[in-house]
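Trainee: Got a structure for you, written out below as structure tokens; questions coming shortly.
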Amino acid sequence: MLLFDGAFGTYYFSLTGDSAPCELANLNAPERVRQIHTEYLQAGVSALKTNTFAANPAVIPDGATLRAVLESGLQLAQQAANGKARVFADIGGIESEQPAADYQAVAQLFLELGARDFLFETLSSLDGLEQALQTIKQAVPDGMVIVSFAVSQDGYTRRGLPYRALLDRAARHPLIDAVGLNCVCGPSHMQQLLRGLGRLEKPLCAMPNAGYPSALNGRVLFEDNVDYFAEKLAALYASGAEILGGCCGSTPRHLAAAANALQQAQPLPAATMAPSGSTAQAGWLEQAFAAPNHKLIAVELDPPLDSDCGYVVSAAAAVQKAGADWVTVADSPLSRVRADSIMTAAKIRREVGIDVMPHLCCRDKNHIALKAGLLGAAFEGIDRVLIITGDPPQQSDLRRGAGVFSFNSFDLMRFLSGLNEDVFRARPFAIAGALNVNAANFSAELTRAKKKLDCGASMLFTQPIFSQAAVSNFLLARQQLDCKLFAGILPVAGYKNAVFLLNEVSGIEIPASVIEALRDKTPEQAAEISVAYSAGIVDQVYAAADGFYLMTPLRKTNIIRGLIEKIRRKEA
């Protein structure tokens, strides 16, 4: 068993009231840093973390200052340990545009300074670690590398990844020596997560917070729960954790009590970790595409701007009668607030009886709200969603109107994939993503699309196809992407609608000839022109498409019905 120290940052702040990054204390208050390390050592720990959690290029961009902070941090911990405890170079999770380069830079600096053991902690994923791990193991093959993830009480990181899959993946990595959890969770919730985990291929680490903080006069405070923390750390040991310690709120007193409690604790045998993955047959999706000479048609409807849902229900019934298979429900497109997409989809499914696919965007919700919505969708029998990032809020005062954007579309797909392995194991969601066939750099867009498939998407719905370039891009996507591919078709409502879409909606490209053909036409004439042009696009991509994604223009359901009729006639 290896017993780490507790939190440095929160303990340092409780002693000094200094709100500056505690890592700078390595340079500004080295005696205080050495004193804290010594207190933890005297509490009975056998491993010390350097005071370098947030010392990385993203936080300290000046290279000379970063090196000085790391050098002093390592020396102070080594001086306090004096051979009586192992010293681990502490590297916290790095959220930057180039995490791989930043992890590598910190690891390389630590190695040059003489570090041998490393702790990567409070991670939300394994992204960016590979090069740093290789560098460390090449330099010190007998050094120890621990990788620890921060997860919420229900077992998901801030990137939306499930702890079971992350720990399993990390435990199988040949360059990682131990894996575990730290931070965010209090000891009781961390014990619940680890209790059903089973034994991994590598030693398991558990470093919970002392509890959950409260705020008083602008200060974050933790309860004085030394005995409780010690009891729970012993319980974590009994649950299979071989490497223990504390995170936020834990002090030398907490670790001293834990050291005493652990002397009497006995580990319990744990079963092998159960394989992740859904137990349900994912056959409904294959069955939906199995009918010969039948192209699936999904029709997009916008939820109402008010509390009257009469139109959207009647429109869903109308397109179903015309031959549509699914209805997709937009999530406040263009950031104009509309009725909730999941609730609208549920009402359509109940009252019309057609399969529905609500759009789910990352713009307005954190992982709590997103999971709550998905749980509600599952109650209503909804088992497919189209995940998009979402248009940014159109607000003049961005301080009040900025979106949440806790996730991007990749993260949300990973999050739902994780939920499919756990909460929705019996009936997993099918995940769809978006593909912009109008992208200026379509090669980059294809790379993004492949990443979406890696994150769990099984279907891609394209932006509207108007131009020959978009048709070519769709056909290229069909060659390179192994998924169900829906061709997006938006038959414009008329001249004004076409001009608006071209000039004000990102990603829409409409040929000038189409716009001119609509000028000064009656609604009936415009509908005929629009359907005919859209049918021509359908003809060009028909053989390559698994289905069609028809977007209803300005409530013109008659245009959509006409286009559905042409597609079904082509099948016959």
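The values are calculated or read from the model by the stated rules, or taken from the named source; none is laboratory data. Since we're looking at a predicted model, the values are computed, not measured. FYI the Cβ positions are ideal-geometry reconstructions off the backbone, even for glycines, and counts take in every protein chain you see. For accessibility, only protein heavy atoms count, side chains too; no ligands or nucleic acids. Shrake-Rupley method; radii C 1.70, N 1.55, O 1.52, S 1.80 Å.
Trainee: Out of all the residues in segment 452-474, is one or more on the phi > 0 side of the Ramachandran plot and not polar (S, T, N, Q)?
Mentor: Yes, segment 452-474 contains a residue that is on the phi > 0 side of the Ramachandran plot and not polar (S, T, N, Q).
Trainee: Among the helices (runs of 4 or more DSSP H) contained in segment 181-293, which hold 2 or more residues that are at pLDDT 95 or above and small (Gly, Ala, Ser)? It would help to see each step written out before you state the result.
Mentor: Values: elements: 187-195, 226-238, 252-264, 283-288.
Where helices (runs of 4 or more DSSP H) fall fully within segment 181-293 and carry at least 2 residues being at pLDDT 95 or above and small (Gly, Ala, Ser), they are 252-264.
Trainee: Considering segment 325-334 alone, what residues qualify as being over 10 Å from residue 300 (Cβ atoms) and touching a residue at least 60 places away in the same chain (Cβ under 8 Å)?
Mentor: First pass over segment 325-334, keeping only residues over 10 Å from residue 300 (Cβ atoms): 325, 331-332, 334.
Of everything in segment 325-334, those that are over 10 Å from residue 300 (Cβ atoms) and touching a residue at least 60 places away in the same chain (Cβ under 8 Å) turn out to be 325, 334.
Trainee: Any residue at all in segment 5-14 that is assigned to a loop (DSSP other than H, G, I, E, B), under 14 Å from residue 90 (Cα atoms) and out of contact with any helix residue (DSSP H, G or I) (no Cβ under 7 Å at 6 or more places or on another chain)?
Mentor: Yes, the conditions are met somewhere in segment 5-14.
Trainee: Also, quick follow-up: Can you tell me which of 153, 108, 138 is in contact (Cβ under 8 Å) with a residue 24 or more places away in the chain, in a helix (DSSP H, G or I) and not small (Gly, Ala, Ser)? First the steps, then the outcome.
Mentor: Details: 153 fails: in a helix (DSSP H, G or I); 138 fails: in contact (Cβ under 8 Å) with a residue 24 or more places away in the chain.
Answer to the selection: 108.
Residue-wise test of (1) more than 19 Å from residue 183 (Cα to Cα); (2) among the hydrophobic types (A, V, I, L, M, F, W, C).
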{"site": "47", "(1), (2)": "no, yes"}
{"site": "55", "(1), (2)": "no, yes"}
{"site": "60", "(1), (2)": "yes, yes"}
{"site": "65", "(1), (2)": "yes, no"}
{"site": "71", "(1), (2)": "yes, no"}
{"site": "75", "(1), (2)": "yes, no"}
{"site": "78", "(1), (2)": "yes, no"}
{"site": "82", "(1), (2)": "yes, no"}
{"site": "93", "(1), (2)": "no, no"}
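Trainee: Determine whether residue 15 is among the hydrophobic types (A, V, I, L, M, F, W, C) and modelled with pLDDT under 95.
Mentor: Numbers: among the hydrophobic types (A, V, I, L, M, F, W, C): yes; modelled with pLDDT under 95: yes.
Spelling it out, residue 15 is indeed among the hydrophobic types (A, V, I, L, M, F, W, C) and modelled with pLDDT under 95.
Trainee: Also: Can you tell which of 142, 154, 177, 117 is acidic (Asp, Glu) and within 24 Å of residue 412 (Cβ to Cβ)?
Mentor: 154
Trainee: Taking the residues in segment 338-375 that are in a loop (DSSP other than H, G, I, E, B) and modelled with pLDDT under 90 as candidates, determine which candidate is nearest to residue 155 (Cα to Cα).
Mentor: Taking the candidates together, the pick is 366.
Trainee: How about segment 510-567: which of its residues are buried (at least 19 other Cβ atoms within 10 Å of the Cβ), of a type outside the set (D, E, K, R), outside any helix (DSSP H, G or I) and touching a residue at least 60 places away in the same chain (Cβ under 8 Å)?
Mentor: 545, 547, 548, 549, 550, 551, 552, 553
Trainee: Let me ask something else about it. Which members of segment 130-153 meet the condition of being closer than 20 Å to residue 1 by Cβ, over 18 Å from the mean Cα position of the chain (by Cα) and open to solvent by less than 20 Å² (accessible area, probe 1.4 Å)?
Mentor: 143, 145, 146, 147 - these are the residues of segment 130-153 that are closer than 20 Å to residue 1 by Cβ, over 18 Å from the mean Cα position of the chain (by Cα) and open to solvent by less than 20 Å² (accessible area, probe 1.4 Å).
Trainee: Sticking with this structure for a sec: For residues that are out of contact with any Ser or Thr (no Cβ under 9 Å at 6 or more places or on another chain) and at negative phi, scanning just segment 104-126, find the one that is least open to solvent (accessible area, probe 1.4 Å).
Mentor: Within segment 104-126, the match that is least open to solvent (accessible area, probe 1.4 Å) is 118.
Trainee: Is it the case, given these coordinates, that residue 68 is part of a helix (DSSP H, G or I) and in contact with a strand residue (DSSP E or B) (Cβ under 8 Å, 6 or more places away or on another chain)?
Mentor: no
Trainee: So, one more: Quick test of your reading of the structure: residue 56 fulfils all but one of (1) among the polar types (S, T, N, Q); (2) open to solvent by 20 Å² or more (accessible area, probe 1.4 Å); (3) not in a helix (DSSP H, G or I). Name the failing condition by number.
Mentor: The failed condition is (2).
Trainee: A follow-up question, please. For segment 154-209, enumerate the residues that are open to solvent by less than 10 Å² (accessible area, probe 1.4 Å) and among the small types (Gly, Ala, Ser).
Mentor: Scanning segment 154-209 gives 155, 160, 170, 171, 178, 180, 186, 206.
Trainee: Sticking with this one: For segment 68-83, does any single residue satisfy the condition of being within 20 Å of residue 149 (Cα to Cα), small (Gly, Ala, Ser) and open to solvent by less than 40 Å² (accessible area, probe 1.4 Å)?
Mentor: No; the residues of segment 68-83 include none that is within 20 Å of residue 149 (Cα to Cα), small (Gly, Ala, Ser) and open to solvent by less than 40 Å² (accessible area, probe 1.4 Å).
Trainee: Quickly run through segment 313-337 and pick out the residues that are farther than 21 Å from residue 488 by Cα and assigned to a strand (DSSP E or B).
Mentor: none
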